[in-house]
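The values are calculated or read from the model by the stated rules, or taken from the named source; none is laboratory data. The structure presented is a predicted model; accordingly, all values stated were derived computationally and were not measured. Note that we place each Cβ from the backbone using ideal geometry, even for glycine, and neighbour counts take in every protein chain shown.
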Amino acid sequence: MSFRWFENPRAFAYMADTGQACHFCKTTSDCLDGAHFIGEEEIDAICFSCMRAGRLTELDISANEIDQSALDPDLVDIELVSNEIAYCTPSVPTWQDSSWPIKNGRAYRFIKIASKLDYESKEQFFESLFEKSDDPEWLWSVLPDHRIENIKDGQYDLSCYLFELEGDRLTTWDAN
């Protein structure tokens with residue numbers, strides 16, 4: 001099951017414990033952990049199918065925050081994109097709550113937790129930073145030197161998150 005805004009949820013989303021049932025359809029396969037969602041209601045898990053179908057809207061629970069005002073109505077359908085990211089896309093595995101990155105009026109797709117091997121050069125990493133850092137050299141120095149294949153490989157006190165749109169890379173970072 002694929003998601004438009006999240007490349008590999010089996011590897012990089014917060015998955016529910018084995019055997020945990022989807023709140024909506026009761027399946028136990030490919031369920032996301034509900035503890036990372038935002039809303040008045042709480043659920044333990046939601047499966048990929050129910051997430052893609054937007055079932056979280058029934059309980060007014062969102063998986064991601066997005067600043068609709070940053071989206072350009074000439075480039076994207078604001079309602080469609082913001083609802084799809086908020087209600088139909090797994091949460092990015094950040095330590096702190098964060099808003100989905102928007103650049104030049106468009107949302108980017110979450111690819112993975114990044115390492116140095118995900119960039120052609122240190123300069124490409126620097127250019128991809130969504131929020132410019134006072135010390136990008138330090139950020140580069142704490143990036144892992146090995147490829148991160150899943151969320152367990154990439155849970156460090158500081159993590160960088162790689163997003164992409166049409167070949168343009170965007171990197172956000174978060175600290176524990």
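Looking only at the stretch 22-38, count every residue that is out of contact with any Asp or Glu (no Cβ under 7 Å at 6 or more places or on another chain) and either buried (at least 16 other Cβ atoms within 10 Å of the Cβ) or aromatic (Phe, Trp, Tyr) (or both) and tell me the total. Number satisfying all stated conditions: 8.
When the stretch 141-172 is filtered for residues that are in a strand (DSSP E or B) and surrounded by fewer than 19 Cβ atoms within 10 Å (Cβ to Cβ), the ones remaining, listed by number, are 158, 164, 165, 168. On the basis of being within 16 Å of residue 8 (Cα to Cα), aromatic (Phe, Trp, Tyr) and touching a residue at least 24 places away in the same chain (Cβ under 8 Å), does residue 110 make the cut? Yes: the conditions hold for residue 110.
Would you check if there is a residue in the stretch 120-140 being surrounded by 21 or more Cβ atoms within 10 Å (Cβ to Cβ), more than 15 Å from the chain's Cα centre (by Cα) and not in a loop (DSSP other than H, G, I, E, B)? Checked the stretch 120-140: at least one residue is surrounded by 21 or more Cβ atoms within 10 Å (Cβ to Cβ), more than 15 Å from the chain's Cα centre (by Cα) and not in a loop (DSSP other than H, G, I, E, B). Hey, any hits in the stretch 49-67 for a residue that's closer than 21 Å to residue 18 by Cβ, in contact with a Phe, Trp or Tyr (Cβ under 6 Å, 6 or more places away or on another chain) and in a loop (DSSP other than H, G, I, E, B)? For the stretch 49-67, residues closer than 21 Å to residue 18 by Cβ, in contact with a Phe, Trp or Tyr (Cβ under 6 Å, 6 or more places away or on another chain) and in a loop (DSSP other than H, G, I, E, B): present. Being surrounded by fewer than 19 Cβ atoms within 10 Å (Cβ to Cβ), at pLDDT 95 or above, closer than 30 Å to residue 45 by Cβ and over 16 Å from the mean Cα position of the chain (by Cα): is that true of residue 80 here? In short, yes. Looking at 85, 43, just one residue is assigned to a helix (DSSP H, G or I), crowded, with 18+ Cβ neighbours inside 10 Å and not small (Gly, Ala, Ser), and that residue is 85.
For the stretch 62-76, the set of residues classified as among the charged types (D, E, K, R) and surrounded by 14 or more Cβ atoms within 10 Å (Cβ to Cβ) consists of 65 only. Filtering the stretch 97-119 to residues that are of a type in the set (Val, Ile, Thr) and buried (at least 19 other Cβ atoms within 10 Å of the Cβ) leaves 102, 113.
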